[in-house]
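K.L.:
Below: one structure in structure tokens.
The values are calculated or read from the model by the stated rules, or taken from the named source; none is laboratory data. What you see is a predicted model; the values in this text were computed from it and never measured. Glycine also receives a Cβ, built like all others from the backbone with ideal geometry; neighbour counts cover every protein chain displayed.
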Amino acid sequence: MFTWSESPSKDMWEHLKFLGNKNNCINLLNGSIKSERTIIYNETNEFMEKKADQIAMCINQAFEYFEAADKVSIRTSPVLLFYGMLSLAKAVIVANEKTIFVEDINYHGLHTRPRNQSLQQYKNDRNSWEIEKEFSVTDKGVFKYLTNIFDSFMFPDGSFIFLKDMLSVCPEVHNIYEKYYGEPARILALYSLEESNDPNYKMKISSYSNDAFIRFPEMTEHFDLEADLLHGVGYVFSSKSTVQTRPDYLGVYEPYVGGRYVVGGLKFYNEVGFDTKYLSPVTIDYLAMHTLSIVARYKQDFWGSIISGHDTGSISLISLYLSVVKRRFPNAILEKMFGEEFGYGIVSRWL
């Protein structure tokens, strides 16, 4: 569904708050309201009312958290945004997991308890703290269900992910990421993309840039760089004959504001090393906002030093990222509730 709008964010929330009404929730879940949902309920009135009550309350709470976040500075906004995202996550889980209610997912599903000696040393040594090295550890709860709904994937319990790796896979901020850190993000702007299964799988990634193997080192095992340019401008990376399907460390993402990108897998660590997996922006935004909210809540002096910019300019990148999350996360939840895309465009007019 596409809506012309003079205030896209406001209208997006109005569409979400449509489900802040209990009756609308019931009618969406039972199919009376037309949508592209694949999960339709045919349960007792008591069951449906309980589902709808919880979904509506979560959405209305989320709106107030996001609204409150807009009224405070970045000193506090990550905490409010995360609680708003947690409420939205609960709403979409209750709507899309037939046997799950809010009381089954009280825990947000992440923590920051060190998983190894290196993380413990980092935690204990105040002088070693850097915002990029802050991390979240996966556990049972909301996050596990959220990742399953959006990515059909579950992290092994105890996996840990660093904030810098989360920021490296956000297309909307990748240019500033690269300027600030002086290194490539795990993002490649597309010139074209071809995928075919006729008769065997083939993937061709074309970009104005020839550094895909630097951005995604995993590709060297599965892709070759063709000698000829596409249309004289595009470097072409073709999958090898041994590749039978799209590698799970690559995904294609089109931001709401425009553009089309190949996005690399998020790097996550465990006891034996690390792996990479392409994940939806929703999953990564939830991870990142949990990480930032923990810093804002429990490392206030450290967070204050980041904001002041005495030793680092990373707060400017984080601020850009927060503006993306505030728009992107609720929109993705709205789309998952209805099972269809919701787009918004600003009308151009002569003044």
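K.L.:
Consider Leu266 carefully, then state whether it is closer than 30 Å to Thr3 by Cα, of a type in the set (A, V, I, L, M, F, W, C) and at pLDDT 95 or above.
P.N.:
Taking the combined requirement at face value, the residue does not satisfy it.
K.L.:
Here's another thing I want to ask about it. Only one of (1) in the same structural domain as Asn124 (by TED's automatic domain parsing); (2) on the phi < 0 side of the Ramachandran plot is not met by Gly273, so which one is it?
P.N.:
Only one criterion is unmet by Gly273, namely (2).
K.L.:
Looking at segment 307-328, which of its residues are of a type in the set (D, E, K, R) and either within 19 Å of the chain's Cα centre (by Cα) or closer than 18 Å to Ser293 by Cβ (or both)?
P.N.:
First, pick out the residues of segment 307-328 that are of a type in the set (D, E, K, R): 311, 326-328.
Once the filter is applied, which keeps residues that are of a type in the set (D, E, K, R) and either within 19 Å of the chain's Cα centre (by Cα) or closer than 18 Å to Ser293 by Cβ (or both), segment 307-328 yields Lys326, Arg327, Arg328.
K.L.:
Now a separate question. Checking the conditions here, which among Ser159, Ser196, Ser152 is free of Cβ contacts under 8 Å to residues at least 24 places away in the same chain, of a type in the set (S, T, N, Q) and within 26 Å of Leu110 (Cβ to Cβ)? Walk me through it before giving the result.
P.N.:
Working: Ser159 fails: free of Cβ contacts under 8 Å to residues at least 24 places away in the same chain; Ser196 fails: within 26 Å of Leu110 (Cβ to Cβ).
The unique qualifying residue is Ser152.
K.L.:
Let me ask something else about it. Condition first: under 22 Å from Pro330 (Cβ atoms) and among the aromatic types (Phe, Trp, Tyr). Now tell me which residues in segment 11-48 satisfy that.
P.N.:
Answer for segment 11-48, where residues must be under 22 Å from Pro330 (Cβ atoms) and among the aromatic types (Phe, Trp, Tyr): Trp13, Phe18.
K.L.:
Are any residues in segment 63-113 free of Cβ contacts under 8 Å to residues at least 40 places away in the same chain, touching a strand residue (DSSP E or B) at 6+ places or on another chain (Cβ under 8 Å) and surrounded by fewer than 20 Cβ atoms within 10 Å (Cβ to Cβ), and if so, which ones?
P.N.:
Of everything in segment 63-113, those that are free of Cβ contacts under 8 Å to residues at least 40 places away in the same chain, touching a strand residue (DSSP E or B) at 6+ places or on another chain (Cβ under 8 Å) and surrounded by fewer than 20 Cβ atoms within 10 Å (Cβ to Cβ) turn out to be His111, Arg113.
K.L.:
Sort out which residues of segment 102-137 are within 18 Å of the chain's Cα centre (by Cα) and not in a helix (DSSP H, G or I), and write them in order of number.
P.N.:
His108, Gly109, Leu110, His111, Glu134, Phe135, Ser136, Val137
K.L.:
Go through segment 144-220 and tell me which strands (runs of 3 or more DSSP E), entirely inside it, have 3 or more residues that are under 19 Å from the mean Cα position of the chain (by Cα).
P.N.:
Per the criteria, 160-162, 187-189.
K.L.:
Just one of Ile26, Ile33, Ile39 is of a type outside the set (Asp, Glu), touching a helix residue (DSSP H, G or I) at 6+ places or on another chain (Cβ under 7 Å) and surrounded by fewer than 15 Cβ atoms within 10 Å (Cβ to Cβ); which is it? Reasoning before the result, please.
P.N.:
Details: Ile26 fails: surrounded by fewer than 15 Cβ atoms within 10 Å (Cβ to Cβ); Ile33 fails: surrounded by fewer than 15 Cβ atoms within 10 Å (Cβ to Cβ).
Result of the check over Ile26, Ile33, Ile39: Ile39.
For (1) touching a residue at least 60 places away in the same chain (Cβ under 8 Å); (2) at positive phi; (3) in contact with a Leu (Cβ under 6 Å, 6 or more places away or on another chain); (4) buried (at least 21 other Cβ atoms within 10 Å of the Cβ), each residue gets a yes or a no:
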| position | (1), (2), (3), (4) |
| --- | --- |
| Met219 | no, no, no, yes |
| Leu229 | no, no, no, no |
| Gln244 | no, no, no, no |
| Asp248 | no, no, no, no |
| Val257 | yes, no, no, no |
| Val282 | yes, no, no, yes |
| Met289 | yes, no, yes, yes |
| Arg297 | yes, no, no, no |
| Ser305 | no, no, no, no |
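K.L.:
Another question, if that's okay. Go through segment 22-45 and give me each residue that's in contact (Cβ under 8 Å) with a residue 40 or more places away in the chain and either farther than 20 Å from Met1 by Cβ or in a loop (DSSP other than H, G, I, E, B) (or both).
P.N.:
Answer for segment 22-45, where residues must be in contact (Cβ under 8 Å) with a residue 40 or more places away in the chain and either farther than 20 Å from Met1 by Cβ or in a loop (DSSP other than H, G, I, E, B) (or both): Ser35, Glu36, Arg37, Thr38, Ile39, Tyr41.
K.L.:
So Val252 ticks every box in (1) under 30 Å from Ser5 (Cβ atoms); (2) free of Cβ contacts under 8 Å to residues at least 12 places away in the same chain; (3) in a strand (DSSP E or B) but one. Which box is left unticked?
P.N.:
(2)
K.L.:
Which of the residues that make up segment 84-101 are out of contact with any Cys (no Cβ under 6 Å at 6 or more places or on another chain) and part of a helix (DSSP H, G or I)?
P.N.:
Within segment 84-101, Gly84, Met85, Leu86, Leu88, Ala89, Val92, Ile93, Val94, Ala95, Asn96 meet the criteria.
K.L.:
Here is a follow-up. Suppose we filter Ser280, Ser305, Ser293, Ser238 for residues that are outside the structural domain of Pro171 (by TED's automatic domain parsing) and hydroxyl-bearing (Ser, Thr, Tyr); which single one remains?
P.N.:
Answer to the selection: Ser238.
K.L.:
Let me ask something additional. Surrounded by fewer than 23 Cβ atoms within 10 Å (Cβ to Cβ), in a helix (DSSP H, G or I), modelled with pLDDT of 95 or more and small (Gly, Ala, Ser) - does that describe any residue in segment 46-53?
P.N.:
No, there is no match, as no residue in segment 46-53 is surrounded by fewer than 23 Cβ atoms within 10 Å (Cβ to Cβ), in a helix (DSSP H, G or I), modelled with pLDDT of 95 or more and small (Gly, Ala, Ser).
K.L.:
Being of a type outside the set (D, E, K, R), in a helix (DSSP H, G or I) and more than 27 Å from Arg215 (Cβ to Cβ), is that true of even one residue in segment 310-328?
P.N.:
Looking for residues that are of a type outside the set (D, E, K, R), in a helix (DSSP H, G or I) and more than 27 Å from Arg215 (Cβ to Cβ), one finds none in segment 310-328, hence no.
K.L.:
Check His310 against each of (1) surrounded by 14 or more Cβ atoms within 10 Å (Cβ to Cβ); (2) assigned by TED's automatic domain parsing to the domain that holds Tyr107 and name the one condition it does not meet.
P.N.:
Condition not satisfied by His310: (1).
K.L.:
Quickly run through segment 289-309 and pick out the residues that are small (Gly, Ala, Ser) and either at pLDDT 95 or above or assigned to a helix (DSSP H, G or I) (or both).
P.N.:
Answer for segment 289-309, where residues must be small (Gly, Ala, Ser) and either at pLDDT 95 or above or assigned to a helix (DSSP H, G or I) (or both): Ser293, Ala296, Gly304, Ser305, Ser308.
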